[in-house]
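Here the structure comes first, spelled out in structure tokens, and everything after it is commentary.
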Amino acid sequence: MKPVSRREFLKVAGLGAAATALAACAPSAAPAPNPAEPAAGEVKEAPAAVSSGELEGKLVFWGHQDHPIYSAGQAFMKKYPKVVFEQPEMAEWDKAVESALAAGSGLPDMVWHEATNVQRDARRGILLDVTDVVKKHEAELAPAKLSEALYQGKYWGMPGDITPNNLWWRPDLVEKAGVGPITEDIKYDEFLQMAKEVKAKTDASLFVMEETFDGQGTLMFAVPFYALGGNFTDETGEQVLLDNEIGMQAMEYAKQAWDTGAGLNAGWFSPPYWGAIKENKLAGTYSPPWMRGFFQTEVTTPEQGQGKWRNQLVPVYPGAVARTNVWGGATLVSFSTNPQPDLVKAFMEFTFCTMEGAQVTGDWGIIPPYIPWLKSEFKNAKQTLFEAGWDWTGEVVKAMNQMRNDFYRMPGYGIAYGALGKFVPAMLRGEKSIKDGMKEYGDYVRSENAKLLESLK
Amino acid sequence: MAAKAPPLPVSRSSVGAHRRPDARSVLREMWKHRTDYLFISPFYILFAVFGIYPLLFGIQLSLSRWQPGRDMTWVGLQNYQTLIFTDPELGRALLNTLAMLLWILPTGLGGALILAVMLNARRLAGRGFFRTIFFLPFVTSQVIVAIVFQQLLDKNYGWVNLLLGKIGLGPVPWLTETIPAQISITLLLHWMGIGTNVLIFLGALQSIDRELYEAAEIDGATSTQQFFNVTFPLIRPVMLFMVITATIGLINLYAPVKLLTNGGPEGTTLTLFMRMIDLMTSVRYGEGAGFGFIMGGIVLLITLLQMKFLSGWWTVEGNLKQ
């Protein structure tokens with residue numbers, strides 16, 4: 001064999017490295033065009049009823065780890081053995097979606113999208129229209145959740161996680177203060193009075209109110225805002241409404257809570273927040289059902305309050321049309337360029353429109369919006385946080401029945417919610433009147449919303 | 001293949017004496033040295049893909065309206081106009097960033113210089129130990145550091161206020177009121193940055209010829225006089241380098257502030273970089289790209305001003321003349 005000189009070896013190696021680099025830079029091979037692939041906005045035919053074993057293919061889902069959709073994926077694979085469900089480990093999947101969209105390849109089949117982003121991305125024309133499959137089950141899905149996936153008369157995702165807020169509270173701590181119990185028809189001013197007494201006598205708070213007005217504290221504004229019939233924007237998302245009479249009244253209620261000085265002033269999910277809960281310094285809070293999963297992970301002994309909580313409708317605000325609000329909650333979406341929309345829709349249908357799928361996701365801890373499951377199996381959902389014998393699922397259903405169908409989570413909702421911390425603290429401290437502060441807040445959101453909508457065109 | 005000698009440098013006079021080489025001869029020359037070019041090509045390919053292309057794409061993006069998956073719509077300077085005249089956060093973020101620059105830069109560099117001088121002292125015991133201690137923050141994750149600071153400085157449950165409470169002070173709203181929040185950020189940045197700054201100053205101090213100090217001592221100079229007349233003039237080039245790099249670093253400040261105060265309270269610690277990220281994550285890509293170039297312009301302007309006013313600091317000769 002002819003010996004290879006060092007120069008020759010380096011030359012070949014250099015050529016190889018350069019060729020590899022060039023190959024890496026070349027655009028990836030375009031996926032073969034799928035004749036079934038719809039154009040953006042085109043409505044697909046309703047999937048034909050599928051019998052076990054007919055479906056096959058691979059589904060890739062992006063979402064946070066330890067996900068209810070992962071559990072649904074396992075159940076789906078069991079039912080359809082020729083289907084492979086994968087959820088790669090990834091952190092910021094929303095940013096990865098943007099990168100894949102820009103690259104024109106690499107999108108997953110489905111992602112777990114926040115309600116605000118559903119409406120935003122429907123405007124961008126990037127989501128798969130799933131009107132056919134949702135329409136088929138419209139009567140079986142919670143109406144308030146349906147509206148979150150609706151844009152211009154079409155459904156752009158399968159409604160996922162229903163999130164009505166309740167008041168969660170600890171009877172043992174309230175009674176220790178010599179007040180209570182908190183009755184179902186308690187009025188807001190009575191609740192604040194009780195909060196003051198509980199704080200004075202036990203040093204425990206009956207609500208959360210961080211001075212930076214972030215996290216769970218925002219509910220002291222968001223709950224009355226929703227309850228009074230408020231909306232951050234109108235149905236089209238064009239007009240910002242948060243600084244109207246309802247917004248100012250809701251802010252007045254938030255300020256009343258602040259003025260009691262009885263709220264828990266700790267960053268949401270921060271160590272001091274969990275510390276306060278475990279040391280029995282939090283006697284109550286407004287909270288959506290999905291918080292139960294997080295509480296159960298942290299509150300693990302009776303000394304920390306395990307099995308000592310109750311939930312019920314939020315206090316009555318004068319002039320309210322509802323006794324809850326929505327916070328968080330996501331929707332299962334796919335993309336208009338997805339090459340296998342029938343398989344995706346079949347998965348969505350299985351996950352949130354059948355007893356089997358609802359049971360799996362419900363067991364994980366979210367509240368799927370499938371009414372037949374909510375009416376039957378939901379009551380058997382496992383939990384360790386609430387008092388044994390307390391009909392906590394009944395209270396969630398009561399709150400669900402209070403949800404409004406005219407509350408819109410357009411892109412402006414996200415801007416407005418994200419800016420609460422910038423504008424509200426000055427109003428709470430009285431450095432700005434509520435009228436001036438809300439006007440400033442509204443003008444900011446109006447300006448940012450207009451620019452966002454312009455950029456989405 | 002026989003080894004080829006690299007082309008000899010061409011002197012200015014020889015360029016004038018010959019015809020400018022045409023494209024064919026340049027290509028022929030390149031082909032002749034193709035092996036050499038091949039070996040240096042990976043850098044240029046990577047630089048073109050990850051440096052030049054994003055820059056050009058960014059410029060195009062800043063002059064367009066675009067959403068991923070769609071064609072770009074040319075809007076000219078509209079994004080810049082929107083940002084400069086109507087963005088509610090640009091002015092605030094710029095003022096916050098400049099204010100931080102004004103107090104963090106002198107205190108940070110001054111503090112690091114003092115520590116470096118102390119560590120440079122011949123008689124200091126445990127110099128190696130202290131150098132390691134000062135450098136440790138640099139190798140610690142910014143995220144971890146910010147989270148630890150957040151817990152230490154929590155108004156109601158933080159250790160700092162707990163200790164202040166023991167001596168009858170506080171509680172200080174370290175993260176929730178403007179001035180204390182800015183002080184907290186300053187402390188965090190100093191803690192994180194002091195290690196590298198000390199290390200660079202130490203290198204500069206150790207490169208000074210001992211004979212200069214001996215000569216100064218013979219002339220009867222005190223330690224203070226030696227510092228101001230020997231040490232300081234000789235480390236000015238390093239100081240200038242650090243002023244410029246620290247300025248660029250502070251204008252691009254993001255992670256520590258994001259984690260510690262998230263721009264609060266009420267936007268008083270919002271930085272330019274945070275605003276740019278806000279725009280990008282709210283899918284306003286054209287404005288986000290434009291914001292990036294505005295930031296680049298600000299960095300360039302400040303750096304040019306620094307170089308103009310501190311031009312005498314560049315060379316040791318220049319410093320010794322002063």
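We did not get these values from a lab; they are worked out from the coordinates using the rules stated. Keep in mind that what you see is a predicted model, and the values were worked out from it rather than measured. Cβ sites come from the backbone with ideal geometry, for glycine too, and all protein chains shown count toward neighbours.
As I understand it, the value is the acute angle between the Cα axis of helix A:93-103 and the longest principal axis of the Cα atoms of chain A; what does it come to in degrees, rounded to 10?
40 degrees
Which of these, B:233, B:68, B:180, has the largest mean-square fluctuation under a Gaussian network model of chain B (Cα springs below 10 Å)?
Looking only at B:233, B:68, B:180, the largest GNM fluctuation is found for B:68.
Once you keep just the Cα pairs under 8 angstrom separated by 6 or more residues, what percentage relative contact order results for chain A? Walk me through the numbers on the way to the answer.
Numbers: 781 pairs, mean separation 109.6, N = 457.
With pairs under 8 Å counted, the relative contact order is 24 percent.
Could you work out, residue by residue across B:258-265, how many beta carbons of other chains sit within 10 Å of that residue's beta carbon, and then give the average as an integer?
Details: counts 0, 0, 0, 1, 4, 2, 7, 7.
Averaged over the peptide's residues, the number is 3.
In region B:48-107, how does Rg compare with the Kirkwood Rh, expressed as the Rg/Rh ratio over alpha carbon atoms? Please list the in-between numbers first.
Working: Rg = 16.2 Å, Rh = 14.1 Å.
Here the Rg-to-Rh quotient is 1.15.
Quick one: among B:276, B:100, B:118, which has the greatest mean-square fluctuation in a GNM of chain B with alpha-carbon springs under 10 angstrom?
B:118
Of the candidates B:133, B:104, B:218, which one comes out as most mobile in a Gaussian network treatment of chain B with C-alpha springs shorter than 10 Å?
B:218
Would you mind getting the Kirkwood hydrodynamic radius of region B:84-321 from its Cα pairs, rounded to one decimal in Å?
Working: mean 1/r = 0.0499 Å⁻¹.
For region B:84-321, the Kirkwood estimate is 20.0 Å.
Chymotrypsin sites (Phe, Trp or Tyr not before Pro), restricted to region B:197-280: which are DSSP loop and have at most 16 other Cβ atoms within 10 Å?
Working: sites: B:201, B:213, B:227, B:228, B:241, B:254, B:273; in loops: B:254.
For chymotrypsin sites (Phe, Trp or Tyr not before Pro) across region B:197-280 that sit outside H, G, I, E and B with at most 16 neighbouring Cβ atoms in 10 Å, the list reads B:254.
Could you work out the mean count of beta carbons from other protein chains within 10 Å of each residue's beta carbon in A:87-100? Walk me through the intermediate numbers first.
Values: counts 0, 0, 0, 0, 0, 1, 0, 1, 2, 0, 1, 7, 1, 2.
Neighbouring Cβ atoms belonging to other protein chains average 1 per residue here.
With point charges of +1 on the Cβ of Lys and Arg and -1 on the Cβ of Asp and Glu, referenced to the Cα centre of the protein assembly as shown, which listed residue (A:262, B:312, B:212) lies farthest in the positive direction of the dipole?
B:212
Pairs A:78/A:136; A:345/A:375; A:382/B:258: which exceed 31 Å Cα-Cα?
Listed pairs above 31 Å: A:382/B:258.
Normalised by the number of residues in region B:84-321, what is the relative contact order in percent for Cα pairs under 8 Å and 6+ residues apart? All intermediate terms of the calculation are to be shown ahead of the outcome.
Working: 248 pairs, mean separation 63.6, N = 238.
Rounded, it is 27 percent for region B:84-321.
Out of region A:368-457, which GluC sites (Glu not before Pro) are coil in DSSP terms and have no more than 14 other C-beta atoms within 10 Å? Intermediate values should be presented prior to the final figure.
On the way: sites: A:377, A:387, A:395, A:431, A:440, A:448, A:454; in loops: A:387, A:431.
Those that pass, being in a loop and sparsely packed, are A:431.
Calculate how steeply helix A:6-25 sits against the longest principal axis of the alpha-carbon atoms of chain A, using the helix alpha-carbon long axis, and give the answer as 0 to 90 degrees to the nearest 10.
50 degrees
List the aspartates and glutamates whose Cα lies under 13 Å from the Cα of residue A:145, skipping any in the same chain that are fewer than 8 positions away.
Straight-line reach from residue A:145, under 13 Å: A:114, A:161, A:406.
Hey, got the Cα dimensions of the protein assembly as shown along the principal axes, in Å, largest first?
Here the spans come out as 93, 75, 56 Å, largest first.
In straight Cα distance, which lysines are under 25 Å from residue A:187, not counting same-chain residues fewer than 8 positions off?
Within the straight-line limit of under 25 Å, residue A:187 reaches these lysines: A:176, A:196, A:199, A:201, A:255, A:281, A:308, A:398, A:435.
For residue A:278, list the aspartates and glutamates whose Cα falls under 17 Å from its own Cα; do not include residues on the same chain fewer than 8 positions away.
Once the sequence-local aspartates and glutamates are set aside, what remains near residue A:278 is A:172, A:203, A:298, A:303, A:387.
Which helices, taking whole DSSP H runs in chain B, have alpha carbons extending 18 angstrom or more along the helix axis plus mean Kyte-Doolittle at least 1.0? Before the final figure, lay out each step's value.
Numbers: long enough: B:34-47 (19 Å, 0.81); B:90-120 (43 Å, 1.58); B:178-206 (40 Å, 1.29); B:232-251 (27 Å, 1.97); B:285-309 (36 Å, 1.26).
TM-like helix candidates: B:90-120, B:178-206, B:232-251, B:285-309.
If packing is taken as the average count of other Cβ atoms within 10 Å, what order do A:220-228, A:132-140 fall into, highest mean first?
Details: A:220-228: 26.0, A:132-140: 16.2.
Per-residue mean Cβ counts within 10 Å order the peptides as A:220-228, A:132-140.
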